[in-house]
4 protein chains.
Amino acid sequence: MAATRPKPENRSQERREKILQAAISLFSEQGYHHSSTRQIAKAAGVSEGTVFNNFESKSALLEIIIQGFYERLRNTAQEGLVNKHGCKEQFDFLAENHICVISEDNFLLMRLLAVYFSEHFNFYLDYRNSSIFKHSKIYTSLFDQVIREGIARKELKEDIKLSAMRDLFFGSMEYGVRSMLAQLETEETELNQEKLKAYAHSLCQPIWQSMENSEDQRSKDNQKELNLCERLERIADRLEEKI
Amino acid sequence: MAATRPKPENRSQERREKILQAAISLFSEQGYHHSSTRQIAKAAGVSEGTVFNNFESKSALLEIIIQGFYERLRNTAQEGLVNKHGCKEQFDFLAENHICVISEDNFLLMRLLAVYFSEHFNFYLDYRNSSIFKHSKIYTSLFDQVIREGIARKELKEDIKLSAMRDLFFGSMEYGVRSMLAQLETEETELNQEKLKAYAHSLCQPIWQSMENSEDQRSKDNQKELNLCERLERIADRLEEKI
Amino acid sequence: MAATRPKPENRSQERREKILQAAISLFSEQGYHHSSTRQIAKAAGVSEGTVFNNFESKSALLEIIIQGFYERLRNTAQEGLVNKHGCKEQFDFLAENHICVISEDNFLLMRLLAVYFSEHFNFYLDYRNSSIFKHSKIYTSLFDQVIREGIARKELKEDIKLSAMRDLFFGSMEYGVRSMLAQLETEETELNQEKLKAYAHSLCQPIWQSMENSEDQRSKDNQKELNLCERLERIADRLEEKI
Amino acid sequence: MAATRPKPENRSQERREKILQAAISLFSEQGYHHSSTRQIAKAAGVSEGTVFNNFESKSALLEIIIQGFYERLRNTAQEGLVNKHGCKEQFDFLAENHICVISEDNFLLMRLLAVYFSEHFNFYLDYRNSSIFKHSKIYTSLFDQVIREGIARKELKEDIKLSAMRDLFFGSMEYGVRSMLAQLETEETELNQEKLKAYAHSLCQPIWQSMENSEDQRSKDNQKELNLCERLERIADRLEEKI
DNA sequence: GATGAATGAGAGTTCATTCAT
DNA sequence: CATGAATGAACTCTCATTCAT
């Protein structure tokens, strides 16, 4: 009996997972508003009541799916970061990971966020207190960590405005994905990962550049300073001579 | 009599405008999905049939409102650009204008775009063929023009990847606005224009930097150094005379 | 001026006719219920108000179109009957004419009658007093005339139940047309006139037969009588011999 | 408890039946187009949603009611045919049954068919594939069976064109009913069954006549002649004896 | 007589959610 | 804890008809 005890929990978990997967699949194919809870129940092979026994409401289901995506983003990011040493490597990896994960399930995360904001955005105070916002913060704080470490290691400038960098980083990728989708050739139906990664790179390049504590630049500046110093010294020499 | 002739046309335009304003107002306050066509008709002081005589459907109304915003963005941008000379000035102005206009009506444009994408985003081919996409392109091409002119005038580098810059520019502002809203102090209910402009500036700074022609900058720096040296030399000359 | 006087009337008549034709065309293509008065007005190139200045209501328009069909049926029948001599010829012609005319405009008459009956049939008293019923009676009375003349000329039996013949005649053709349409080969999109006429013929044959005052049958009877007579004569002969 | 188990299914069936009966009753009294689904729900004592949980749409409800009529026609016909021996008896019974059943509920079947054809008749391919057409075929094939058996038993001619007979049979009855309704005396509000059966008989007579095997009839005639001849011969014999 | 904007009741249908079983 | 029938408010949209111009 003890061996069978965990079963109910497992069954329960399986059911929950089935419903989630059914919802993800339907939302991805038809959109949130065009997928009814009845359809979700049917697709999950459970009754309509069961959906509501497992999830408070349809919009709660939406939130949980979005959270799941953020968790996935965070997990893949954290796992990947472990192997990356050096700030630039980590920075680039975060971008690649982000653009690849958000493109999953036909860009479902972005579409669901659009749904979420289309219903809740007016109530931004709600958003701030929402668990979605919290998950989003947890995830994006990985970016912050990477940058902060970069600064600490003097790889990056000290006077970086972090929030601006974050917005540039995540905002441009999400906006860029939309642009890319809209400009797909008619025959194409998908964006391949290589294309996405390459694009992510072209967006990150300027951001990185602006943060970089460039050795090159420092040495150039030093050179200029040296030249200036030399001239000033010559002036000083002349003054000395006069005195 | 001749003076009263134009009335019918005006009346018709007025009614249409009334409906649009009512819709904008309701969408802004309650969101698109929670504003019914009945409410809109009532708020506009017309019958429900009149709404549908003037607009094909509720979603057509949505599209027209979004288009209106893009037209407003383009018009204010075009008018403002006339007085701005110099690429940097224009670039900064575009950012300020963008962030100010999208913050109007409680960030209605962004919320309506979220609605639009939440329903249509899966069908990106639809989006590409939609009039909204066309309006958006017309507007964002102003940015392209400014950058291209900057390149032509050698103020900007030649090898700029325009689409990446565009996505950084518009994407970071829209993402940034969301972040700012989510982080408003509880007592605040609005973002004031100054704050917005300042933020736009901090987002634009790195983008500009990455595009700027460093040849230009170097010569400017050199110029400054030279000027400094000259002044010092003149000072030295005067000292020489005095002594 | 005297020459231009008739114009207004003509114009008015033209308008009316345009509206009628537009309605017929739309009803034929989309059905009565799916054709709005707005569409009709547009197709006729007039305003919506004009439709209602010329026809009391949409259903009045329907009735007038149905009446027009009955008039057409009557006119073509009357004109055709003039050249047909002999009851059988006229009878066959009526059938051919009927089936050909009702097949016009994609069987519009039948479809419009279905509309009419679907809305008014419950109120059969209304139907009896309606002008459609009157027109229908005027038309079908041509059949009655032909039969009555046939009886008068001894071509048809005296004890024919006219109403039953009429119902067999018109009922079977209309029902038969429906059957034929339902059993069209998939590649066919129309019933050609020859097929229709042939079918009309196979429906009419039994009806005619039942009414015919057959010469053939009389002659067969004569033959039998002759045979009988011959035998009697032989019997008489034998009697003569005996005597 | 076991006894109460089947309840849910029964309840469900009862509800469905209630809705059907409510719809039949309302359609019969007010016509299909003038009976709203709201009214039907109210009359059935259920909510509007329940109507649509049980029937896909209002027009599906229409189709199911029509199918019910066809089933009733078939069932009463099949049951009745069992007791009828001889082709003529069966043929007459089919006619009586048909005209009696279609006159039920104020001729609802015919009126609902009019509704159906008024909406779908243009799309005859749809009709052919519709379940209504199938039910109608199943029912009318009973007529075909009776006739084929009659042919097999040599009671009917071999060269009968079955489809024409079918169209004459069913077409004339339905057309005839319309005529009768339109010519009811004002004080009458119903057609009584005797009248209907008598009329059915007068429509069937010519159809039967045209199918009847004349061989059969001829042999009967011959028999009569033979009998006659025999009698004459007997008379002649007697005469011979006397002489 | 022509116009066509305005009407507004009413239609069919959807759907998240509840709750008795 | 699962079920799924029942709910009923709410939705967008249609359309014949009117009437001021």
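General remarks:
- Where a residue in the range A:40-61 is within 14 Å of chain B (Cβ to nearest Cβ) and its partner, wherever it lies, is within 7 Å of DNA strand E (Cβ to nearest atom) and open to solvent by 50 Å² or more (accessible area, probe 1.4 Å), with Cβ under 6 Å and at least six apart: none
- Failed item in (1) assigned to a loop (DSSP other than H, G, I, E, B); (2) without any contact (Cβ under 8 Å) to a residue 24 or more places away in the chain, with residue B:10 passing the rest: (1)
- Every pair of residues 6+ apart whose Cβ atoms lie under 7 Å, when the first sits in the range B:20-33 and is in contact (Cβ under 8 Å) with a residue 60 or more places away in the chain while the second is surrounded by fewer than 19 Cβ atoms within 10 Å (Cβ to Cβ) and acidic (Asp, Glu): B:24/B:105; B:28/B:105
- Qualifying positions in the range C:41-63 - open to solvent by less than 50 Å² (accessible area, probe 1.4 Å) and under 23 Å from residue D:34 (Cα atoms): C:55, C:57, C:58, C:59, C:60, C:61, C:62, C:63
- Residue check, residue B:164 within 9 Å of chain A (Cβ to nearest Cβ) and modelled with pLDDT under 90: no
- All of (1) assigned to a loop (DSSP other than H, G, I, E, B); (2) away from DNA strand E (no atom under 16 Å from the Cβ); (3) more than 20 Å from the chain's Cα centre (by Cα) hold for residue B:29 with one exception: (1).
- Across the range C:23-39, not a single residue is classified as open to solvent by less than 80 Å² (accessible area, probe 1.4 Å) and among the charged types (D, E, K, R).
- Here residue C:13 meets each of (1) of a type outside the set (Gly, Ala, Ser); (2) open to solvent by 50 Å² or more (accessible area, probe 1.4 Å); (3) within 16 Å of DNA strand F (Cβ to nearest atom); (4) out of contact with any Leu (no Cβ under 7 Å at 6 or more places or on another chain) with one exception, condition (3).
- Looking only at residues in the range C:66-100 that are of a type in the set (Asp, Glu) and farther than 20 Å from residue C:176 by Cβ, the one that is least open to solvent (accessible area, probe 1.4 Å) is C:71.
- For the range C:136-156, the criterion of a residue being open to solvent by 10 Å² or more (accessible area, probe 1.4 Å), touching a residue at least 24 places away in the same chain (Cβ under 8 Å), within 13 Å of chain D (Cβ to nearest Cβ) and not in a helix (DSSP H, G or I) is satisfied by no position.
One line per residue, one yes/no per condition, for (1) closer than 24 Å to residue A:117 by Cα; (2) within 13 Å of DNA strand F (Cβ to nearest atom):
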{"position": "B:52", "(1), (2)": "no, yes"}
{"position": "B:59", "(1), (2)": "yes, yes"}
{"position": "B:77", "(1), (2)": "no, no"}
{"position": "B:84", "(1), (2)": "no, no"}
{"position": "B:94", "(1), (2)": "no, no"}
{"position": "B:97", "(1), (2)": "yes, no"}
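The values are calculated or read from the model by the stated rules, or taken from the named source; none is laboratory data. Because the structure is a prediction, the values reported are computed rather than measured. Note: ideal-geometry Cβ built from the backbone for every residue, glycine included; neighbour counts use all protein chains shown. Only protein heavy atoms, including side chains, enter the accessible area calculation; ligands, DNA and RNA are left aside. Shrake-Rupley method; radii C 1.70, N 1.55, O 1.52, S 1.80 Å.
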